[in-house]
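A.B. asks: Quick one: the structure is below, questions incoming.
Only the coordinates and a few stated rules stand behind these numbers; no lab work does. The structure presented is a predicted model; accordingly, all values stated were derived computationally and were not measured. Positions of Cβ are generated from backbone atoms using ideal geometry, with glycine treated the same way; all protein chains shown enter the neighbour counts.
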């Protein structure tokens, strides 16, 4: 039928070009017979290996976070290990939401649908509640490896107390400072133990010519146009601000109603006014921020994942071979206490649409595939690649091979789809060489000990789903304006008031009711 | 153009030339920066932000993007879709525009209005997707062509050009026994080469630059045109995705790779224009026939 | 040939004009049968790919849920339109949109015309083609690239322009974060990217001008400027008006991506336009109905504008676009 309607169209076109030969013709340049071979999706032609059980066919849709769709190298191994026939459909992360929405609305989602991030998951919740996806909670116990998944993180991904998804795990608190240790050493400063020292460090990096070129051309902190994943949220946690929501008089209240939030804004205002951070940070993209750091213009990169140190170091030493980086995250607040904000432990989830997964038996087969994915052998294959080709094992840890391009091309695309985390799926931890990175891994574990979770992660608010994003915009704008000195505390309070009256009050109510 | 050898004319020409040279320089500098950036190292690009002539030359970015055949394949798809798409579009557009250009056609105003209407009102992505799906075009290259086969804008412009052709020519052709098809192909089109060249260029560029159709309608990434790759790399490398997370597992591609892909994906379509330009001179024919 | 359309057919009515007799109409239609055949594929295209999907617009009167489908979702009447009009920032956003649109019409629109005239006056085919090609290049750089290149040039943190300003003893200017600079930056970038590309269509219509006309004017002693004024401009007037009307129709389509990339917390008061608002309030929260309703509102404004301008141009004796 697919073919038929198409050929009708084509015939119509052809008939048309025939009619053109009126008036002796010779002039018509219609070449549409030359069509670019309209191929219908024939699927792969991998030879079917004779095995007791026919391989399960699974179609998987996921966002593409690399430059290009990976070749089948990993997929072929994966199919062998899991007795499946897989079709991976990668779509550019940038327009993934459009693809997801269109496919969903037209009933064309494949059996396994990865979302893009937590935000898309929040968007999907309504449809999940409506029963468009399989509830997998009851089946989990049948799969030994899947039942290893961390209950507290599973809890964060539940909708109305039921589990519908498998999560892709991420360390809870990787954020901190990456800084120029060579500059600090030269100026005789040690890693900042508290916020005052952090401020002093930024000031010294700006004023005391840490790169020794005789010019005052460096700054302390480089930040970007992000309150959440930039420096702001991390520093606000150090000030003692709750993570997005906090308890106040026994009631949940948003972070920006806490005095510590205002202290954080004051801190940034002081940094920017003094010239100790990039003046245009509210308009600086991540790439531009990273560029300022790797081109030796800034000394402190705050708020990103400390594991980024490898990438930053790689680019920085191209420009300054003697540069040394280190990581740091234990910065005490004014009360001398440590605190780190934590993400809900996942960065994405996979769902199983009922429109594609027809029955329980099929669902179980698919879950079986994910169960196998959570064995060290398969998880390593997807995360690190093929041993000997893409990585080697040193001291029980994975050391990526020298051919970075090969890894980038063949493995990276699959990395973000591995269910669980190293603790649960048993894949290798990375073998690190850079001292700053080794330090970062220790700090990531330390961070969790003083971690602060978002108390609303597993709670529901209809109003938040409805207009949380645009309401948050009000606060984000007000925060920047305060830091840039365009509004004062009274002006900020007015914006918070506006947040309340436009739906924020309802969100507070709904979260407290759901608690 | 006719030469004017008076002093005023020369001054005018000199002034005009200088001004245009400045404008051309301003417009082309950032592109030179992109080309230069593709031939240098990421370190130099970070240190010296607005590189125009690289101090350190490097072909690494090109080695990287040409190390697999993906880009060649994508380029092939883009060229094929652009060529065939432009032909299909030109055929459909010219037929429609010619019909609507004839002032003696009853109902033309209604059709014209309905065409303009589609420029203002859109059904949206989902219903359009369903149409494409029902026609069985998912995963077919035709899905990159048919849904945008006629641009209302281009059709109206072409119609405008056709309307300027003196009707006397058509009358005399009719007397010679040509049908309307004959008139269009033997008389109107040859007389409208500047317009045909322009509109073909518009179509070619639209087909070349389109990536959304491919993402929506092609599930098989092996069929993607080059713009999808280009966009993917540019967005990743620019770090402008506002839904950014603090993910460390995916460091962005090098800036030099971004620049190299821009160069590779842009040069083919850029080089179309100079070939079109020679048709702009042929419009002269129209005048001579009129006289 | 003018008689047929002489009485401007104000708003298109879906019935044909009255003719003396039906048979006359039939005869004319039959005589033009091949023209109708020519129209058929185009009309089919518009029906299949443009008109058929328009049923999607009805979701602006529903609370559309993807899983309930367009026919199964609940009807809510004008709820989404009400929400839009009562949004506290609505007037501000509409105003911002109209101002950017005004800049497009007043500042950007004439530039390709002037540039095309200048290019046309160049002596020698080589330079003409060479410059044409150069000025049209920027069109092929995406907004992401253009915005990031401008960032590098104008940032206060070491951007070339601010470095120069401070070198010559001026105060640094916060181009990126001040509401005052958003509109100039926007329109300069639009001009930079699109002006050269925009000349193509004018150059094509200039190419169609009879060289004999210039010859004759020169005989009469007309200089360059007078030739432009009396021959070139009148000859391309039709194209200018057509493009103008079509541009008016896109009144509220100002290039989402471009504005979104320039938008930040500090310039939102002037930079938030309808398209960026749709993105934050609608798309990013999966609010299909609300987004569609806003799109619908935009379309209606566009339609009103096009119809008025078209009518005006017909009154002035021009063709109009329909």
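A.B. asks: Sort the following peptides by mean Cβ neighbour count (other Cβ atoms within 10 Å, averaged over residues), highest first: C:47-54, C:133-140. Before the final figure, lay out each step's value.
C.D. replies: Values: C:47-54: 17.5, C:133-140: 20.8.
Packing proxy ranking, top to bottom: C:133-140, C:47-54.
A.B. asks: Calculate the spin-label point distance for residue A:438 paired with residue A:404, positioning each point 7 Å from the Cα along the beta-carbon direction, and give it in nanometres.
C.D. replies: 2.1
A.B. asks: Next up: Classify segment B:124-264 as rounded, prolate or oblate, taking a ≥ b ≥ c as the square roots of the eigenvalues of its Cα gyration tensor: rounded when a/c is under 1.5, otherwise prolate if a/b is larger than b/c and oblate if not. Please report the intermediate quantities before stating the final value.
C.D. replies: Numbers: a/c = 3.61, a/b = 2.29, b/c = 1.58.
Taking the square roots of the gyration eigenvalues as a ≥ b ≥ c, segment B:124-264 is prolate.
A.B. asks: For chain B, what is the mean residue ellipticity at 222 nm derived from helices alone (per DSSP H run of n ≥ 4: -39500 (n - 2.57); sum divided by total residues; nearest 500 deg cm²/dmol)?
C.D. replies: That calculation yields -20500 deg cm²/dmol at 222 nm.
A.B. asks: Mean-square fluctuation check for chain B, GNM, Cα pairs under 10 Å: which of B:47, B:237, B:97 is largest?
C.D. replies: Highest fluctuation of the listed residues: B:47.
A.B. asks: At a 10 Å Cβ-Cβ cut-off, how would you order B:219, A:402, fewest neighbours first? Please report the intermediate quantities before stating the final value.
C.D. replies: Values: B:219 20, A:402 7.
Ascending Cβ contact count within 10 Å gives the list A:402, B:219.
A.B. asks: Now for a different question. Averaged across A:271-282, how many Cβ atoms of other chains sit within 10 Å of each residue's Cβ atom?
C.D. replies: Details: counts 0, 0, 0, 0, 1, 0, 1, 4, 9, 14, 2, 6.
The shielding value for this peptide is 3.
A.B. asks: Let me ask you something else. Percent antiparallel among DSSP beta bridges with both residues in chain A, to the nearest 5? Walk me through the numbers before you get to the answer.
C.D. replies: Working: 24 of 45 bridges.
Antiparallel bridges: around 55 percent, rounded to the nearest 5.
A.B. asks: If I take R0 = 35 Å and measure r between the Cβ atoms of residue C:71 and residue C:44 in this structure, what FRET efficiency does the formula 1/(1 + (r/R0)^6) give, to the nearest 0.05?
C.D. replies: Working: r = 25 Å, r/R0 = 0.71.
Step by step, r from the Cβ atoms, then E = 0.90.
A.B. asks: In segment B:117-142, which residues have a backbone nitrogen under 12 Å from the label point lying 7 Å from residue C:52's Cα in the Cα-to-Cβ direction?
C.D. replies: Residues passing the 12 Å test: B:127-137.
A.B. asks: Mind giving me the FRET efficiency for residue A:160 and residue A:501? R0 is 22 Å, r the Cβ-Cβ distance, nearest 0.05 is fine. Could the numbers behind the result be given before it?
C.D. replies: Values: r = 29 Å, r/R0 = 1.31.
It comes out at approximately 0.15.
A.B. asks: May I pose another question? Please figure out what share of the DSSP beta bridges in the protein assembly as shown is antiparallel and state it in percent, rounded to the nearest 5. Walk me through the intermediate numbers first.
C.D. replies: Details: 26 of 47 bridges.
Just about 55 percent of them are antiparallel.
A.B. asks: Shape of chain C from its Cα gyration tensor (a ≥ b ≥ c, root eigenvalues): rounded if a/c is under 1.5, otherwise prolate when a/b > b/c, or oblate?
C.D. replies: Details: a/c = 2.32, a/b = 1.05, b/c = 2.21.
Judged from the Cα gyration tensor, chain C comes out oblate (a/c at least 1.5, b/c at or above a/b).
A.B. asks: Let me ask something else. What is the average number of partner chain Cβ atoms found within 10 Å of a Cβ in C:313-319? Mind dumping the intermediate values first?
C.D. replies: Details: counts 0, 0, 0, 0, 0, 0, 6.
Going residue by residue through C:313-319 and averaging, the value is 1.
A.B. asks: Then there's this: Mind giving me the FRET efficiency for residue A:462 and residue C:81? R0 is 35 Å, r the Cβ-Cβ distance, nearest 0.05 is fine.
C.D. replies: On the way: r = 21 Å, r/R0 = 0.61.
Plugging the Cβ-Cβ distance into 1/(1 + (r/R0)^6) gives 0.95.
A.B. asks: Going 7 Å from the Cα of residue B:73 toward and past its Cβ, which residues in segment A:393-420 have a backbone nitrogen under 20 Å from where you end up?
C.D. replies: Once the point is set 7 Å along Cα→Cβ of residue B:73, A:405-415 turn out to lie under 20 Å by backbone N, inside segment A:393-420.
A.B. asks: Let me ask something else. Would you mind giving the mean number of other chain beta-carbons within 10 Å of the Cβ of each residue in A:467-474, as a whole number?
C.D. replies: Numbers: counts 6, 2, 9, 9, 1, 1, 6, 3.
So the per-residue partner count for this stretch is 5.
A.B. asks: Let me ask another. Rounded, prolate or oblate for segment B:1-136? Axes are the square roots of the Cα gyration tensor eigenvalues, ordered a ≥ b ≥ c, and the cut-off for rounded is a/c under 1.5. Write down the numbers at each step before the final one.
C.D. replies: Numbers: a/c = 2.79, a/b = 1.24, b/c = 2.24.
Oblate, because a/c is 1.5 or more while a/b does not exceed b/c.
A.B. asks: Please identify, among B:74, B:173, B:24, the residue showing maximal mean-square fluctuation in a Gaussian network model of chain B using a 10 angstrom Cα cutoff.
C.D. replies: Comparing B:74, B:173, B:24 in a Gaussian network model of chain B, the most mobile one is B:24.
A.B. asks: Still on this structure, I have one more. Along Cα→Cβ, 7 Å out, is where each label goes; now give me the distance between the ones at residue C:90 and residue A:54 in nm to one decimal.
C.D. replies: Between residue C:90 and residue A:54, the simple spin-label model gives 5.8 nm.
A.B. asks: On to the next question. Can you compute the helix-only [θ] at 222 nm over chain A? Use -39500 (n - 2.57) per DSSP H run of at least 4 residues, normalise by all residues, nearest 500 deg cm²/dmol. Spell out each step's value before the answer.
C.D. replies: Details: 20 runs with 215 residues, N = 515.
Per the formula, -12500 deg cm²/dmol.
A.B. asks: Using helices alone, I'd like the mean residue ellipticity at 222 nm for chain C: each DSSP H run of four-plus residues gives -39500 (n - 2.57), total over residue count, nearest 500.
C.D. replies: Details: 18 runs with 199 residues, N = 322.
Estimated from H runs of four or more residues: -18500 deg cm²/dmol.
A.B. asks: So, one more: With the crude spin-label approximation of a point 7 Å out along Cα→Cβ, what separation in nm comes out for residue A:152 versus residue A:270?
C.D. replies: It works out to 3.3 nm between the two label points.
A.B. asks: Can you tell me the length gained on complete extension of the stretch residue A:354 to residue A:217, counting 0.36 nm per residue apart and subtracting the Cα distance?
C.D. replies: Net length gain for the segment: 43.4 nm.
A.B. asks: Now a separate question. Using a Gaussian network for chain C with springs between C-alpha atoms less than 10 Å apart, which of these wobbles most: C:126, C:85, C:296?
C.D. replies: In the Gaussian network model the winner is C:126.
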